[in-house]
Amino acid sequence: MRIGIDLGGTKIEVIALSDEGHELFRKRVDTPRNDYERTLKAIKGLVDDAEQATGHHGSIGLGIPGTLSPFTGKVKNANSVWLNGQSLDEDLSLLLGREVRIANDANCFAVSEATDGAGAGKKTVFAVIIGTGCGAGVALDGAAHAGGNGIAGEWGHNPLPWLDEDEFRFQQEVPCYCGKSGCIETFVSGTGFAEDYFRLSGQRLTGAEIIKLVDDEDPVAELALGRYERRLAKALANIINILDPDVVVLGGGMSNVDRLYSTLPLLIRQWVFGGECETPVLKAVHGDSSGVRGAAWLWPQDRFSL
């Protein structure tokens, strides 16, 4: 049995999977915010619940909103800031009595979709989460690729390429929380989409409300979505020029906008070097469950040790 845990800022979720990927158990609890010791205990409680409910002992994989530094072995870049600077893998391994594998939550999403999702059977999967924020992960041959600095896939904190005049203004007016300006996240997250609609209309609406207006043929909402599609296409074309993945998989709230899967492949070609691009852009098969499933799949399918 494989146990996967998704450690988020508001909830911690556990899943237990059989060797064939069938769900055996699932549970979630509220995250003890700003309390590291209680966070450890909450994770242990979920593991205990999963093993008691199934009667099986499992390997442990954990997805976090940050990464383990390959230099210090401690958590860095987590927006759940009480994790930063902690030896999370060592502390959990000691508490649970077995090795714990940890990866960035977006990389877990990529692993899930590469294992038995939209990228199954593909060598290189680039998986994008476009929700409140914007993140991405890379899976190579089904395994998470973290890179030498532990930050592979941090696509959202690179600048949006090929800015037009309005995008230059946008980057000056809408700074990123990371301290820089012009980050892809500020443009193509669901938050960025809503912000751009506000700049066009003067109305504060959610992404879902704006998409409803698009369906009702509202011209301002259509303009906002068209601009969003163009910006996302440019950002993905930049990745294709560098990584040339076999597939791009979308998750998060904005991935539910169905027309993206017909418009993006055509738009991307305008910015890919040489103008040729057949990279499929697909919706995540496992949706919101992909992160926690990917954490479970951090252990190889053919073998793992307890």
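The values are calculated or read from the model by the stated rules, or taken from the named source; none is laboratory data. What you are looking at is a predicted structure, and each value in this text was computed from that prediction instead of being measured. When we count neighbours, we look across all protein chains shown, and the Cβ atoms used for this are built from the backbone with ideal geometry, even at glycine. All accessible areas refer to the heavy atoms of the entire protein, side chains included, with ligands and DNA or RNA removed. Shrake-Rupley method; radii C 1.70, N 1.55, O 1.52, S 1.80 Å.
Per-structure values
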| quantity | calculated |
| --- | --- |
| Within segment 1-40: backbone nitrogen closer than 16 Å to the T206 label point (7 Å, Cα to C-beta) | none |
| Estimated FRET transfer efficiency (A120, S87; beta-carbon r; R0 51 Å; 0.05) | 0.90 |
| 14 Å cut-off, amide nitrogen to a point 7 angstrom out along L223 Cα→Cβ, residues in segment 185-206 | 196-203 |
| Across K27/K74; K11/K74; K41/K122; K74/K180; K44/K180, pairs whose alpha-carbon gap is larger than 30 Å | K41/K122; K44/K180 |
| Whole-number percent relative contact order across the chain, with pairs defined as alpha carbons under 8 Å at least 6 apart | 21 |
| Net lengthening on full extension, L94/R199 (0.36 nm per residue, minus Cα-Cα) | 32.7 nm |
| Heavy-atom accessible area per residue - the chain, 1.4 Å, Å² | 45 |
| Built amide H within the under 5 Å cut-off of V100, gap 5+ | S93 |
| Partners for K283 among aspartates and glutamates (Cα-Cα distance below 12 Å; same-chain residues under 8 apart left out) | E113, D258 |
| Using θ = phi - 60° and Karplus 6.51 cos²θ - 1.76 cosθ + 1.60, couplings along segment 257-270 (whole Hz; Gly, Pro as x) | 7, 4, 5, 4, 6, 9, 7, 4, x, 6, 5, 4, 4, 5 |
| Alpha-carbon centroid distance for the pair segment 140-163 / segment 76-104, whole angstrom | 21 |
| Beta bridges by DSSP in the chain, antiparallel share as percent, to the nearest 5 | 60 |
| Fraction of accessible area attributable to carbon and sulfur, segment 1-58 (%, probe 1.4 Å) | 44 |
| Selection of GluC sites (Glu not before Pro), segment 170-229, meeting DSSP coil and at most 13 other Cβ within 10 Å | E217 |
| 3J(HN,Hα) from dihedral phi, segment 21-33, Karplus parametrisation 6.51/-1.76/1.60, rounded to Hz, x for glycine, proline | x, 7, 6, 9, 7, 8, 7, 9, 9, 5, 6, x, 4 |
| Computed label-point distance, nm, for sites K74 and L163 using a 7 Å Cα→Cβ extension | 3.5 |
| Rule-of-thumb Rg ratio for segment 1-116 [Cα; 2.2 N^0.38 Å; N residues] | 1.00 |
| For segment 171-246, size of Cβ-based charge dipole, Lys and Arg +1, Asp and Glu -1, in debye | 360 |
| Cα centre as origin, Lys/Arg/Asp/Glu Cβ charges: the chain dipole, Debye | 580 |
| Whole-Hz ³J(HN,Hα) from phi, Karplus 6.51 cos²θ - 1.76 cosθ + 1.60, for segment 219-232, glycine and proline x | x, 6, 5, 5, 4, 4, 5, x, 5, 4, 4, 5, 5, 5 |
| For the chain, Kirkwood radius (reciprocal of mean inverse C-alpha pair distance, Å) | 19.9 |
| Among 30-39, 240-249, 255-264, the order from most to least packed when residues are scored by Cβ within 10 Å on average | 240-249, 255-264, 30-39 |
| Accessible carbon and sulfur surface of segment 202-306 relative to its total accessible area, %, 1.4 Å | 52 |
| At 0.692 mPa s and 37 °C, Stokes D of segment 223-294 from Kirkwood alpha-carbon radius, µm² per second | 257 |
| Förster-model FRET efficiency, 25 Å R0, D35 and I151, C-beta, rounded to 0.05 | 0.40 |
